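Right, one structure below, let's go through it.
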Amino acid sequence: MTHIPGIVITGASGRMGQMLVRTVTDSDKVRLVGALERPGHDWIGRDVGEAMGGQALGVAVTDDPLEAFAKAQAVIDFTAPAATLEFAALAAQARCVHVIGTTGMTAEQIAALEPAARHAVIVRAGNMSLGVNLLVQLTKKVAAALDEDFDIEVIEAHHHHKIDAPSGTALMLGEAAAEGRGVRLEDVADRARDGITGARQRGHIGFHAIRGGDIVGEHDVLFAAPGERIVLRHVATDRAVFARGALKAALWGQGKAPGQYDMVDVLGL
Ligand SMILES: NC(=O)c1ccc[n+]([C@@H]2O[C@H](COP(=O)([O-])OP(=O)(O)OC[C@H]3O[C@@H](n4cnc5c(N)ncnc54)[C@H](O)[C@@H]3O)[C@@H](O)[C@H]2O)c1
Ligand SMILES: O=C(O)C1=N[C@H](C(=O)O)CCC1
């Protein structure tokens, strides 16, 4: 008999959490074995399907990560940086694949994932969609083909609840552009302009964040030179694209050697 991996969704009441619960329960390749929320959340103890306003799914929302992870083969985690760090250690203890969609992590927080990755598979990406990960590859290629006559600007737009900027996706695209150019992003990133900034510096990569309404996620990479412009664009209209990518990552990670991976590994791009 084929083994069907059990999945825990963290942040189950969130925008992505609810989308992930639906994606997992609609799939015949995995089964939902846990739904986690932060201590004190009013969904704790309730059936997650009923809390979402639908049919009971037979999974009660818990605030005990270790108990939930012990029953699972993968944890899909779109929460907040501090929570994700805590879950990484516990998922590694339970030998679960940890799929991390959480953005806004500092360089120190990302480095702190390393001990967990010695014992378990971590797949982390600021954007889990196929389209964005393809755009990352295209951005690298275009940046490598053009010289610094082309100014690179990354422009992103998201819903008004989003708490981090630039978005994880914008940073992935900026990293790809910097890699294509053979420079380090931290040496050339312009993350905010206000007031008398002086003229744009040649070779810099600019970031701009729009926040409004219910925008799911839009990213442009602009290459602007005297006389011409190239714009690479991705528009997400449905969070299902992120959830499908995360589920693919959870399945892909089964049986892989411990370590840190990203969606380029998962999608073979
Ligand atoms: N990588 C991607 O493809 C992708 C796509 C969409 C969103 N995101 C990121 O995912 C994260 C969540 O986004 P969202 O729009 O769903 O946010 P949200 O605020 O709607 O949901 C976050 C959920 O996490 C829960 N949470 C926080 N701390 C917790 C803890 N200690 N234990 C359990 N649950 C906890 C919150 O209660 C909330 O329900 C953000 O960082 C966002 O940028 C990534
Ligand atoms: O809604 C969000 O928050 C999103 N976050 C990711 C990011 O920061 O790039 C992916 C797009 C949606």
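The values are calculated or read from the model by the stated rules, or taken from the named source; none is laboratory data. The structure presented is a predicted model; accordingly, all values stated were derived computationally and were not measured. Every residue, glycine among them, receives a Cβ derived from its backbone with ideal geometry; neighbour counts consider all protein chains shown. For the accessible areas, the whole protein counts, side chains as well, though only heavy atoms, and no ligand, DNA or RNA atoms are used. Shrake-Rupley method; radii C 1.70, N 1.55, O 1.52, S 1.80 Å.
Of note:
- Those residues of the stretch 161-192 which are part of a helix (DSSP H, G or I), within 15 Å of ligand 2 (Cβ to nearest atom) and open to solvent by 30 Å² or more (accessible area, probe 1.4 Å), in sequence order: Leu171, Met172, Glu175
- Residues satisfying the stated conditions in the stretch 33-68, i.e. touching a helix residue (DSSP H, G or I) at 6+ places or on another chain (Cβ under 8 Å), among the aliphatic types (A, V, I, L, M) and closer than 21 Å to Ala89 by Cα: Val33, Ala35, Leu36, Val61, Leu66
- Listed by position, the helices (runs of 4 or more DSSP H) inside the stretch 38-130 whose residues that are in contact (Cβ under 8 Å) with a residue 40 or more places away in the chain and surrounded by 23 or more Cβ atoms within 10 Å (Cβ to Cβ) number at least 1 are 65-69, 81-93.
- In the stretch 193-224, the residues that are among the hydrophobic types (A, V, I, L, M, F, W, C), open to solvent by 90 Å² or more (accessible area, probe 1.4 Å) and under 18 Å from Leu146 (Cβ atoms): none
- Residue tally, condition closer than 13 Å to Ile155 by Cα and crowded, with 16+ Cβ neighbours inside 10 Å, over the stretch 225-246: 2
- When restricted to residues that are within 16 Å of the chain's Cα centre (by Cα), more than 7 Å from ligand 1 (Cβ to nearest atom) and part of a strand (DSSP E or B), the stretch 1-27 contains 1.
- Count - residues of the stretch 208-241 that are more than 16 Å from ligand 1 (Cβ to nearest atom), assigned to a strand (DSSP E or B) and more than 16 Å from Ala143 (Cβ to Cβ): 1
- Any hit, the stretch 200-207, residues being within 27 Å of Leu130 (Cβ to Cβ) and either aromatic (Phe, Trp, Tyr) or not in a strand (DSSP E or B) (or both): yes
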